[in-house]
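Shown next, in structure tokens, is the structure this report addresses.
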Amino acid sequence: MQIQVTQLPDARPRDRTVAIGSFDGVHVGHRKVIDGADTVLTFEPHPLSVIRPEAAPKLIMPFPVKRDVIEGLGVEELVVIPFDQQFSEIPPEDFCERILIERLGARDVRVGENFRFGAKAKGTPEMLAARDEFETTVVPLVEVGSETVSSTRIRALVAAGDVETAHRCLGSPFMFEGEVVSGDRRGRTLGFPTANIVPDERYVHPGYGIYAAFANGLPAAVNVGVRPTFESGRGVLIETHIIDHDEDLYGRPLRVAFVKRLRGEKRFDGVEELVDQMQRDVEEAREVCATFSRP
């Protein structure tokens, strides 16, 4: 069943088990919060972009990816509250009364232990647990590799190119999505046509290098960087060569799931040396992807 995406419903409330949070990345800690919930309540845009724009982080995933990941967890309903200045000033008590009780009819509420809500972030899990109208489950933070999993940690891992540790923290491969743009078609002349995405600065992307990945579910070799061999001056591109596939994707969305960093980006002395390395990269990417289930 496809997930139902709404703003706050106006219909008569039903008994809901509601997981609440920003859930950027929908990482393994978020998944513990969401586990057992039929409804996820989240906010768009990220609250910090309204409350403290100068401190707003680059996001791990755009909303369509977050929606699809949450749907894959078996959630029936995704309620998205438009987060603006007016909403940021709602007192925590009003959030409980007007949203959780009156609009959603929450029977059970699930939050992480570091969840804060309401004006000036004064609302706490303890405040929720003190309410008699619903049961509250406060989920402890989760560790991977003896470190706490957080969206901040995952952003740093992705930016450093460590997509494998990011995968363990996320519970699924890091995914980047964007519209394919026209490039200089150099990859096609070299025998490796690519679908190119200009990274949106609002979102984190993997550090420079060559990666094994899946692009729209198909095995791929991906270059993230500035193509130093050719000094094109075009800035950062995510160049995706979909293995054994040559469909024209210009103007269409492409979702790339990164599974392993193969090497760093480097400058080659000539085209022949570059092509030899690209052949090795593609074969290695093919072998790596063969060991993974398609996301």
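Each Lys and Arg contributes +1 and each Asp and Glu -1, all at the Cβ; summed about the Cα centre of the chain, the dipole is approximately 260 debye. Rounded to 0.05, the FRET efficiency of the Asp38 and Arg131 pair, given R0 = 25 Å and the Cβ-Cβ distance, is 0.85. Put simply, the amide H of Leu59, placed in the peptide plane, has neighbours under 5 Å in Tyr203, Val204, leaving out anything fewer than 5 places away on its chain. Ranked by how many other Cβ atoms sit within 10 Å of their own Cβ, fewest first, the residues Glu126, Glu77 fall in the order Glu126, Glu77.
Highest mean first, what order results for 236-247, 104-115 on Cβ atoms within 10 Å?
Going from most to least packed, we get 104-115, 236-247.
Counting only lysines at least 8 places from Lys66 when in the same chain, those with an alpha carbon closer than 18 Å to its own are Lys32, Lys58. Oblate is the label for the range 1-118, because the ratio a/c of its alpha-carbon gyration tensor axes (a ≥ b ≥ c) is 1.5 or higher and a/b is not greater than b/c. For volume of the Cα convex hull per residue in Å³, the candidate list reads [x] 163; [y] 142; [z] 132; the entry that matches the value derived from this model is [y]. Between Arg107 and Glu54, the contour length at 0.36 nm per residue exceeds the alpha carbon distance by 15.4 nm. Of the residues Thr39, Thr165, the one with the fewest other Cβ atoms within 10 Å heads the list, and the complete ranking is Thr165, Thr39. Between amide H atoms placed 1.01 Å from N, distances below 5 Å from Thr136 occur with Val109, all of them 5 or more places distant or on a separate chain.
Quick one: if the Förster radius is 41 Å, what FRET efficiency do Gln85 and Leu218 give, using the C-beta to C-beta distance and rounding to 0.05? Intermediate values should be presented prior to the final figure.
Numbers: r = 43 Å, r/R0 = 1.05.
With R0 = 41 Å, the Cβ-Cβ based efficiency is 0.45.
Shape analysis of the range 174-290 places it in the rounded category; the axes a ≥ b ≥ c from the Cα gyration tensor give an a/c below 1.5. Going by neighbour counts of Cβ atoms within 10 Å, the residues Phe95, Phe214 line up, fewest first, as Phe95, Phe214.
Taken together, the values in this text are just the output of simple stated rules run on the coordinates, not laboratory data. Predicted model, so just to flag it, every value in this text is computed and none were measured. Using ideal geometry, Cβ is built from the backbone for each residue, glycine included, and neighbour counts are taken over all protein chains shown.
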